[in-house]
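J.: There's a structure below that I have some questions on.
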Amino acid sequence: MIIYALFVMIFVKNLCHTIKIFTLFISQMRLKTKIMNIKPYPLIVFDMDGTLIDSLPDIDRSCQTLLKSYGLPPISTQSVRSTLGDGIKVTIEKILDNAGKEASFIDRNEAIERFIKDYVPHAADLSKPFEGTEEVLIKFKKNGWKIALCSNKITQAAKNILEKLNLQSYFDFIAGGDCFADKKPYPVHLLGIINYLQVLPTKTVMVGDHLNDILVARNAHITGSIFAEWGYGDLCIGKEATMRARSIKDVPIIAEKMIDKKP
Ligand SMILES: O=C(O)COP(=O)(O)O
């Protein structure tokens, strides 16, 4: 009887051990499959304002409408342009901070809401893609690249613009500044896109005209960045980028050179 009980105990112990090994084996197989599923597609990530789209006219119009609604005088388009890059919230704060004493009592949150209400539905009334944008997107698609947008704009505004300009279908993912826990230059914005598309940071290139675009590429440790010299940013930002491009039409050839396309 004792010997029989001993046999049962040994059998149960071995069975538990076997189950443990089997579970470990299954989880390792799952991990291997997940790693193998990461596709070798290269990814090109574009900033929007001043890189793909000349969006300043609509932003400027909504800024002037906002100032007028508070009885404040208009400001120059150049001043509006200098506030771009960190998203709408920062743009409105900067504009009101520069509007003098009369603007100091304006509730910033209410002003941002007022701006969004006017801007989002009209974000593409006057905006146009920079010359060559569509042919560049077609070229990337043909060459087997994934395409994403990484903008500090509100996602809905970015989508409205791409839809109205018939460019939305080229994008595998559109991530505005409200898409992840933080926005450019924080790496979570770009890494969120990379993770969503299941591609590799080492096969990703970021294109942009603002320091945030160059810094997000650096912070996310991707292949590198291309500074958009045709955009709204100061040309000296180009020194911080991996490469520079004079025109959007030069981007595909530069990006191809930056990426090692071997699997
Ligand atoms: O609207 C902004 O301030 C910035 O937008 P962008 O990231 O597309 O340049």
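Values quoted throughout were computed directly from the atomic coordinates according to the rules given, and no laboratory measurement underlies them. All of these numbers come straight from a predicted model, not from anything done at the bench. Neighbour counts run over all protein chains shown; Cβ positions are idealised from the backbone, glycine included.
J.: Give a quick list of GluC sites (Glu not before Pro) in the stretch 52-144 that DSSP marks as loop, anything other than H, G, I, E or B, with at most 14 other Cβ atoms within 10 Å.
T.: For GluC sites (Glu not before Pro) across the stretch 52-144 that sit outside H, G, I, E and B with at most 14 neighbouring Cβ atoms in 10 Å, the list reads Glu131.
J.: Another question about this same structure. Counting Lys and Arg as +1 and Asp and Glu as -1, each charge on the Cβ, what is the dipole of the stretch 33-158 about the Cα centre in debye, to the nearest 20?
T.: The dipole of the stretch 33-158 has a size of about 580 debye.
J.: Would you work out the relative contact order for the stretch 56-122, in percent, from Cα pairs under 8 angstrom that are 6 or more residues apart?
T.: Dividing the mean separation by the residue count of the stretch 56-122 yields 37 percent.
J.: Report the gain in length on full extension from Asn143 to Thr202: 0.36 nm times residue separation, minus Cα-Cα distance, nm rounded to one decimal.
T.: 19.5 nm
J.: Now for a different question. Where the only charges are on Cβ atoms (+1 Lys, Arg; -1 Asp, Glu), what is the dipole of the stretch 56-122 about its Cα centre, to the nearest 20 debye?
T.: The calculation lands at about 100 debye.
J.: At a Förster radius of 25 Å, what calculated FRET efficiency corresponds to the Cβ-Cβ distance of Ser82 and Arg246, to the nearest 0.05?
T.: 0.65
J.: State which entries of Lys89/Lys159; Lys146/Lys257; Lys117/Lys249; Lys89/Lys146; Lys117/Lys183 exceed 28 angstrom in Cα-Cα distance in the structure shown.
T.: Lys117/Lys249; Lys89/Lys146
J.: Taking 0.36 nm per residue of separation and subtracting the Cα-Cα distance, what length does fully extending Arg108 through Glu256 add?
T.: Separation in residues times 0.36 nm, less the Cα-Cα distance, equals 48.9 nm.
J.: Additional query: Which of the aspartates and glutamates could a cross-linker bridge to Lys184, judged by Cα under 14 Å and excluding same-chain residues fewer than eight apart?
T.: Straight-distance partners of Lys184: Asp47, Asp49, Asp86, Asp209, Asp213.
J.: Grab the beta carbon distance between Asn98 and His221, set R0 = 41 Å, and tell me the FRET efficiency rounded to 0.05.
T.: Given R0 = 41 Å and the Cβ-Cβ separation, E is 0.70.
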